[in-house]
Every structure is written in C-alpha cells, then in structure tokens.
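The values are calculated or read from the model by the stated rules, or taken from the named source; none is laboratory data. Because the structure is a prediction, the values reported are computed rather than measured. Here the Cβ positions follow ideal geometry from the backbone for every residue, glycine too, while neighbour counts run over all protein chains shown. Remember, those area values only see protein heavy atoms, side chains included, never the ligands or the DNA or RNA. Shrake-Rupley method; radii C 1.70, N 1.55, O 1.52, S 1.80 Å.
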Amino acid sequence: MNKPKNMQQAIKAHEAAGGYFFSQGALDFFTSRILHNTYDPETGLFVTSEIMGLERDEPMTFAVRQIDLERPNLVTTIGGRHETLEGAVAALREAAAG
C-alpha cells in the first residue's frame, strides 16, 4: 500500500479499511476537528482539536494522533492533551523525529 501523501488520502484509506474515526458522527460527538495541515506523511501523525466535556464553553484542547500506515483502520493517540496548538505541533514534531 502506498503511504497517504496528505490528510485527505489518509482519511480515505482509513474509511476504505473500515475505520470510523473520521466519520461525521464521531467528529460531531467529540466536537473534534482534524487539522489537515499538520499531517506528516512519513509517520501518519496529525493533530486534532476537541472540546472535552458536555458544555460547549469548555476550553478547546489538542491531541496528537497517528493513523497506522500499515493498518489504516487504526488511529491512536500519542501522548496526552495539549492546551495549545503550538504545544501539540511541537509534540508531533518530537514524536516524528524520535
């Protein structure tokens, strides 16, 4: 399988493999957004933003995720939550380098 070169290709590979992480229902449930411009095609790492909790006035947080490039139906969280996008991007770069 060719590695997805961008987030859109990664999402298509995930869905074709039977995954649902990127489904509109899952994204809406978790008030989650995929930050497409953070995708690293070499590692499958990317950043999402979520509002955790039931109240919509909760602060937005960020997480580094990884789509498994060999088994694209799998998406895992790398590390913990980040309060800023900058912190999440720094964590993504660190994970990609190491």
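In the chain, once you exclude exposed trypsin sites (Lys or Arg not before Pro) (DSSP loop, at most 13 other Cβ within 10 angstrom), what's the longest stretch remaining?
Here the longest run is 6-55.
For the chain, find the longest principal axis of its Cα atoms and tell me its angle to the long axis of helix 85-97, 0 to 90°, nearest 10.
30
With just the Cα atoms defining each centre, how far is segment 1-62 from segment 74-98? Give it in Å.
The distance from the Cα centre of segment 1-62 to that of segment 74-98 comes to 13 Å.
If you roll a 1.4 Å probe over the heavy atoms of the protein chains, what accessible area per residue do you get for the chain, in Å²?
63
Could you list the chymotrypsin sites (Phe, Trp or Tyr not before Pro) in segment 14-98 that lie in coil according to DSSP, counting only those with at most 16 other Cβ atoms within 10 Å of their Cβ?
Those satisfying the criteria are Tyr20, Phe30.
Expressed as an acute angle from 0 to 90° and rounded to the nearest 10, what is the orientation of the C-alpha long axis of helix 7-16 relative to the principal long axis of the chain?
Helix 7-16 sits at roughly 70 degrees to that axis.
Quick one: pull the percent of accessible area on the chain belonging to carbon and sulfur, 1.4 Å probe, ligands and nucleic acids left out.
Roughly 53 percent of what the probe reaches on the chain is carbon or sulfur.
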